[in-house]
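Colleague: Please see the structure below; I have some questions.
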Amino acid sequence: MWRDLWEPALLFFTPFIAYAGLLLLRRKTPFSSRHWTQGAVSTLTLCGLAIAIVFMLGYGLFAERHKGAYVPAHIENGRVVPGRME
């Protein structure tokens, strides 16, 4: 469950992290509010959304598909057998 939340969040925040890294390379303080103008934050937000959407769509389209039926978890001889694809 956490992976489903962290992956898109990390993809979304990638442009913000890159911008802060660029500010550090230019020897400017990334925590100064004068570098984070409304235009810069809007651009970074749109780029982050675009990156997250493209990667999630790409993953959904090109992910490995399992063909066959799902066998749910069940009990055999007093032991729990985990669910699997057949």
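The values are calculated or read from the model by the stated rules, or taken from the named source; none is laboratory data. This one's a predicted model, so the numbers in the text were calculated from it and none came from an experiment. When we count neighbours, we look across all protein chains shown, and the Cβ atoms used for this are built from the backbone with ideal geometry, even at glycine.
Colleague: Mind checking which residues of segment 33-73 are under 23 Å from Pro8 (Cα atoms), loosely packed, with under 12 Cβ neighbours inside 10 Å and of a type in the set (Ser, Thr, Tyr)?
Modeller: Selection gives Ser42, Tyr59.
Colleague: Sticking with this structure for a sec: Report yes if Glu76 is out of contact with any Cys (no Cβ under 6 Å at 6 or more places or on another chain), of a type in the set (Asp, Glu) and surrounded by 11 or more Cβ atoms within 10 Å (Cβ to Cβ), otherwise no.
Modeller: no
Colleague: Now, a different point. Just a yes or no: is a residue in segment 52-67 assigned to a helix (DSSP H, G or I), in contact with a Pro (Cβ under 7 Å, 6 or more places away or on another chain), at negative phi and not aromatic (Phe, Trp, Tyr)?
Modeller: Yes, segment 52-67 has at least one match.
Colleague: Has segment 1-24 got any residue that is surrounded by 10 or more Cβ atoms within 10 Å (Cβ to Cβ) and assigned to a loop (DSSP other than H, G, I, E, B)?
Modeller: no
Colleague: Output the number of residues of segment 41-72 satisfying the condition of being farther than 30 Å from Gly83 by Cβ, of a type outside the set (Val, Ile, Thr) and in contact with a helix residue (DSSP H, G or I) (Cβ under 6 Å, 6 or more places away or on another chain).
Modeller: 3
Colleague: Next question, about the same structure. List every residue pair whose Cβ atoms lie under 7 Å apart, where the two residues are 6 or more positions apart in sequence or sit on different chains, the first residue falls within segment 10-37 and is over 19 Å from Leu49 (Cα atoms) and modelled with pLDDT under 95, and the second residue, located anywhere, is in a helix (DSSP H, G or I) and not aromatic (Phe, Trp, Tyr).
Modeller: Pro30/Ala20; Pro30/Leu23; Pro30/Leu24; His35/Leu23
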